[in-house]
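Everything on this sheet refers to the single structure shown next.
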Amino acid sequence: MLHVDDLTVSIGGTPILKGLDLEVGPGEVHAIMGPNGSGKSTFAHALAGREGYDVEGTVTLDGADLLAMEPEDRAAAGVFMGFQYPVEIPGVNNMYFLRTALNSVRRSRGEDEISAREFLKVAQEAMDLVEMKQDFLNRSVNAGFSGGEKKRNEILQMAVMQPKLAVLDETDSGLDIDALRVVASGVNALRGPERSMIVITHYQRLLDYIKPDYVHVLVNGRIVESGDHTLALHLEEKGYADFLGEDAELTGASA
Amino acid sequence: MSETLRDIEKLADASYEFGFSTDLDTDVAPPGLTEDTVRLIAAKKDEPDWLLEWRLKAFAAWQQMEEPDWAKLQIAPIDYQSISYWAAPKKKPVLDSLDEVDPEIREMFDKLGIPLHEQKMLSNVAVDAIVDSVSVTTTFKETLAEAGVIFCSFSEAVRDHPDLVREHLGSVVPVRDNFFAALNSAVFSDGSFCYIPKGVRCPMELSTYFRINSMNTGQFERTLIVAEDDSHVSYLEGCTAPQRDENQLHAAVVELVAKDRAEIKYSTVQNWYPGDENGVGGIYNFVTKRGRAHTDAKISWTQVETGSAITWKYPSVILQGDRSVGEFYSVALSSKRQQADTGTKMVHIGADTTSSIISKGISAGNGQNTYRGLVKMMRSAENARNYTQCDSLLLGKRCGAHTVPYIEVKNPSAQVEHEASTSTVGEDQLYYCRQRGMSEEDAMAMIVNGFCREVFDELPMEFAVEAQRLLSASLEGSVG
Amino acid sequence: MTVAAPTWQADALEQLASLALPTKRDEAWRYSPHAKLSQLTFGPAAALDEVPSDVEAQIPVLDGPRLVLVNGVVDPGRTNLGALADGVVFCALSEAPPPAAARLQQTHESPDDAFSVINRAYGTEGALVQVSGQVDVLLHIVDVSVPGATHNASASRVVIDLAEGASATVVETRIGSGTGFGGSNVRTEITLGAEATLEHIILQDLPASQLHIGRVDVDQAASSTLRARLFNLGADYGRVAYHVHLVGEGARAELSGLYFGFGDQTLDQQITVVHEAKDCTSRQSYRGVLDDSSTGIWNGCVDVRPGADGTDSEQSNDNLLLSKTAEVNTMPRLEILADEVSCQHGATVGQLDDTALYYLRSRGIRKDEASRLLINGFADQVMDDLEHHGVRGWVTARLGHGHE
C-alpha cells in the first residue's frame, strides 16, 4: 500500500534522511524507533508534505505519487499525520476546523459534504473514543490545551478523518500514564484491515499499548534494522548503542 | 512602605565621585559662535581646506535648522553664543612617549581610574584620552600598527590619513542630519579615528576616554570607526566631567561603518556630571550615534547611561546589507532631577536583516526616563526580524518612566515583536533578601543589577564591573 | 425648547477663521493623509431634500430603538425611538428635555485640534442618551454622511450619561452614501457615574470615497466599567480617537477593536487611557489586518498620573500584513508617573503563521481556504466576548465570513 524507495531528505542543505526504504501493507502497524536526531520526525513530515524540505526518491500510496502532491491533496489521498507538537490556532473553533477539514477532503474525493447532523454524530463518537467532553469542540484549535488534550485532539481528528495511512509522530511524548492509555486505546480502536499506521516513537513504552506488526530502527537517516515487536524489547534493554556503533563503522568504511 | 521609600530615596541620592576639576593651563577661545569661530578652530588645528569647507557647509546648515522640540524634556534654553567652542590644555605636548604626558593630566586620569600609564594599564586595552576638546594621548599605537589597525586622535587622522577620513566622514551621519549633528560637524574639535583593515581582528579592546574639564566649554568630539570586510573590533567609550553649577553642552557624533561581514561592538559607560538634587548644573548630553551595516555585517551598541542632567541619544543601525545584524542593549538610570531620553533606531533595508533591542530604564528620585525607539521595516526588507524588550523599573513616588516606541512596517514578511513592562522593586523581594541576611541597600543593588543583567552581560568584562559599580554608586548614598 | 448656544460653541465659531489643520509634526496625526483632510469642507447642518435609497440597507438590524442622523440632521423617517423604559432618555439633542438641555451646555474638555474645533462649531445636532437604572435593549445611533453641494462633510455630537449604578449598551453606526468625496466628524462625550456600566460599540463603515474622524471622550467615576469596542472597517481614511479618563477609584476600561483594510484605505486608531485615581484597571486590545495597499495606524497610550497607585494596565496591538504593499505603524506607549503599577504592553506585526497553515493543509484544507480560516480566526478574537448577536452578525457578514 505505502511504498517508500530510496527516500532522501535535506533541510537547508543538511542531509537528514539518506536513502530510506519501507513497505507498509494494508492493515499493518509499523513502529519506527530511533535516537534523537535520527530523522524520525523528518520522515513523518516528508510523508505529510511540509514545505522547505528537499526530497528525492519515491513515495507512493496505492500507486499514487505522494511527493508530487500538496499537503492537502495528500490528506485527501488518505494520509493523516498526528503532530508531535499540534499547532495552536487561536480564534478558530475546533468543531468548525474539523468540519472544514472533513468536507475539504470529501470534496476532493468528489463526495458530498457531510450534513450537520451526521457530522455531530461522527464527532460525538470520536469524542467518546478519546474521552473528551462536549466543550472541547467549542474551544479554539489546541489553544490553551494541555499536552494530553492536544494529543487527544489529534486522535479525535484521526477518528473523524478515517485515513488510509496514519502517521503518528511521537504521540506518546509529554503524556502521563492515563493520557497515554486513552490515546493508545483510541489508536487501537481505529486499527482495521484497510488502515495502515506508522507509529514513530523514541521509547518502547507506547508499544506496550499499541502492539506493532513490524519494528524498524532508524539511525542517522537510514533504517538499520527491522524485525517484529521483540526488536523493540531488545532496544528497551540495550538502547541504541549497538546500532550507533554499527552505523559509525559503516560511515567509517565508506569514507 | 514609607520607611522603605525613604531608604530608596536616600539610596538614590548619591554623590558624584568624579566631581573634581584639575587646574590645567588651558587655551580657551572666547565664547560665541560665528563663521569666524569655525575658521578659528580649523586654523588652530591647521586643517586642510576640504575640511574647512565641510565645516562651513555644516555651519550654514545649522543656522537654518530649528532646535528640536523637547517633547518630554524640561530644559532651560541653551544660549549657543555663551559657550566656548574651543579649549585645549596649553602645554600641548608633542608626545614621544607616555612619560611625556603632562603630569597634571596624568594625575587627573589616575584619579579617574583611567590607566593612561602602561604599567597601570588594564590588560589589552588601548586608550585614546580626550580632555576638553583635544586628544592628549593614545596608547598602544605601535602594537596596533603591527596589526595594521589605525587608532589615533581625529586630528592626527586628518593629517596622516586624509583620504580615509574624507571618504567616510559624514557618510553615516550627514551634516544636516539633526540640529546637534550639524553643530558638531561645524565645530568638532577632536575625537578618535579607528580603521581596521580587511580580515583583521583587532588584537585588543580600543577605548576612548572623554573628560570635560574647563568651565563654560562645550565638548564636540567626533568618532569615526571604519571596519573593512571581514574585520572585527570592540570599542569602549567612557566619560566624566567636573561638578559645576552651570550646565555644559556635550554634542558628539559617532559614525560606524561595518563593511561586508565586519563586526563592530561599541560599548559606552556614560557618567557625565548629572547635576545636584535640585537640578543645578550637569551636562547636557546630546549625542548622535549611528552605524551602517553592510552585507552580513553586525553592529552592536551597548550603553550604560548613569550620568548627565539631560541625555538625548539614540544609537542607531542602518541595516543596509542583506543578513546584517543590529543590536542595542541599554541601561539608563535617571535619579535626582536627571532626564534621560534614549533609545535606538533600527532601519531595515536589506533582506533577512535582524535587530534586537533590550532596554532597561531605571527611574529614581525625581528622575524621568524615556525610551524612544523606531523600528522601520522598509519595503525591501524581506524576512526581516526585530525583537524589542523594553522594561522600566520605578524606585519612588516622584519619578517617571515613559515608553515611546514607533514601529513602521512596509513588508509583510517582516516580523516585529515589541514587549514592555513597568514594575517596581517589590516589598516581598526586599523582604526575602533581607530575611536571607542582606542589608536593604545590598538587596536593592542586587535586585537592580539583576534587572540590568541582560545588558551587563553584553559589556566587556572590565566595563561590566565598572558599570555595576557605577549603578550601585548612583543608587546608594553611603555605600560604594 | 431653545437654549442659548453655549459659549464654547461661539468660541469655536470664532476660532474657525484662523484654523490650522494638523500636520505630521502632531504626534496624533503623524501618519494621517493631510492633503485629503484639507479637502473636507464643513458648514452648518442642513437637511437633505431626499435621503438616498441605499442608506436603509446599510443600517445593521439591531434589537432596539434607533436614531438616524443624516448630515447632522435627524431623519424622522428612519428614526424609531419607540417606547422607552422609565429612567431612559434617548432623543435628538434638539429634543432634549429641560434638565438635560442645561446639561448640554457643558462639554468635556475642549481639545484644540482643528477637527475638534470644527465639531464644536458645527456639531450642534446629535444624540442624547441618559440612563438611570438598567436598559436591556441596544440604543442605536446611526450617523449618515451624504456629501452635499455646499459642503462635503458633516459634524455631529453624541452625549451619553449613565447615572450611578446604571447600565446600557449603545451602538454607534457611522455610514455614508454616494461616490463623492466627503466625510463625517463625530464627537462622543460619555460620563459614567459610580458603578455604572456602559458597553459602547462603534461600527465605522463609510464609503471608500469618504473620510471619517471620530473622537470619544470618557470620564469614569469610581468602580464604573466601560467596554468600548471599535470596528473600523470603512472609509478612505477612518479614524477614531479615544480619550478615557479614569477619575474615580477602581474604575475599569476595556477597549478593543478590529481594523481590516483593503484597497488604499488608511485606518487610524488613537487610544489614550489616563489613570488619575488609585486601583483602576485598563485594557487595550486591538487587532489589525491590512491587505492590498492599505495602511494601519495604532497609537495607544497608557498615561498613569502621580498618585494613581495600584494601576493595572495591559495593552496589546497585533497586526497581520497580507500584501507586499500594505503597511502598519504602531506605537504602544506608556507614560508612568506613579509607582506600584503593573503595566504590560506589546505589539506584533507579522504575516500568517507557516506552521499553522501547514497544519491546516495536512488536514486536507486548501491553501486559500486555510489562509482565510487563519485570518478570520485572528480577527474574530476581538469578538470573543461580544454577546450582541446582531452586532456580531453584521461584522462577520461585512467581513465576508460567517461560521458561527
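If you count the DSSP beta bridges with both ends in region C:66-140, what percent of them are antiparallel, to the nearest 5? Display every interim value, and only then the final one.
On the way: 8 of 9 bridges.
Percent antiparallel among DSSP bridges in region C:66-140 is about 90.
With contacts defined as alpha carbon pairs under 8 Å and 6 or more residues apart, what's the relative contact order of chain A in percent?
Taking the mean separation of contacting Cα pairs over the length of chain A, I get 27 percent.
At most 14 other Cβ atoms within 10 Å plus a DSSP loop assignment makes a site exposed; report the longest stretch of chain A without any exposed trypsin sites (Lys or Arg not before Pro). All intermediate terms of the calculation are to be shown ahead of the outcome.
Numbers: sites that count: A:R109, A:K133.
Of all site-free stretches, the longest is A:134-255.
Near B:G367, within a Cβ-to-Cβ distance under 10 Å, what is the net charge of the other residues, with Lys and Arg +1 and Asp and Glu -1?
Details: positive: B:K336, B:R337, B:R398; negative: none.
Local net charge: +3.
From the Cα trace of region C:353-404, what convex hull volume per residue do you get, rounded to a whole Å³? Before the final figure, lay out each step's value.
Values: hull volume 4.1 nm³, N = 52.
For region C:353-404, the hull spanned by Cα atoms encloses 79 Å³ per residue.
Straight-line reach from C:K36: which lysines have Cα under 29 Å away, leaving out those fewer than 8 places along the same chain?
Qualifying lysines at Cα under 29 Å: B:K376, B:K410, C:K24, C:K324.
When the scattering of region C:242-352 is computed by the Debye formula from its Cα atoms alone, each counted once and equally, what is log10 I(q)/I(0) at q = 0.18 Å⁻¹?
-0.78
Mind checking which of C:A338, C:A277, C:A163 has the largest fluctuation in a GNM of chain C, springs on alpha carbons under 10 Å?
Greatest mean-square fluctuation among the candidates belongs to C:A338.
Could you work out how far the C-alpha centroid of region C:99-151 sits from that of region C:339-404, in angstrom?
Taking the Cα centre of each part, region C:99-151 and region C:339-404 sit 33 Å apart.
Taking Cα centroids, how far is region C:256-296 from region A:2-42 in Å?
When both Cα centres are located, 48 Å separates them.
Cut-off under 16 Å on the C-alpha distance; same-chain residues fewer than 8 positions from A:K121 excluded. Which aspartates and glutamates are left, in chain and number order?
A:E113, A:E131, A:D135
Hand me the GluC sites (Glu not before Pro) from region C:293-388 located in a DSSP loop with no more than 11 other Cβ atoms within 10 Å, in residue order please.
Details: sites: C:E314, C:E327, C:E335, C:E340, C:E369, C:E387; in loops: C:E340, C:E387.
Passing sites in region C:293-388 are C:E387.
When the C-alpha atoms of the protein assembly as shown are aligned to their principal axes, what extent does each axis show, in angstrom, from largest down?
Cα extents, longest axis first: 103, 98, 61 Å.
What whole number of Å gives the distance from the Cα centroid of region C:33-51 to the Cα centroid of region B:350-398?
41 Å
May I ask you to list the lysines whose Cα is less than 22 Å away from that of B:K397, ignoring any residue fewer than eight positions away on the same chain?
B:K10, B:K72, B:K336, B:K360, C:K278
No value in this document is a laboratory result; all are computed from the given coordinates. Worth saying up front: this structure is predicted, and the values here are computed from it rather than measured. All Cβ positions, glycine included, derive from the backbone under ideal geometry; neighbour counts span all protein chains shown.
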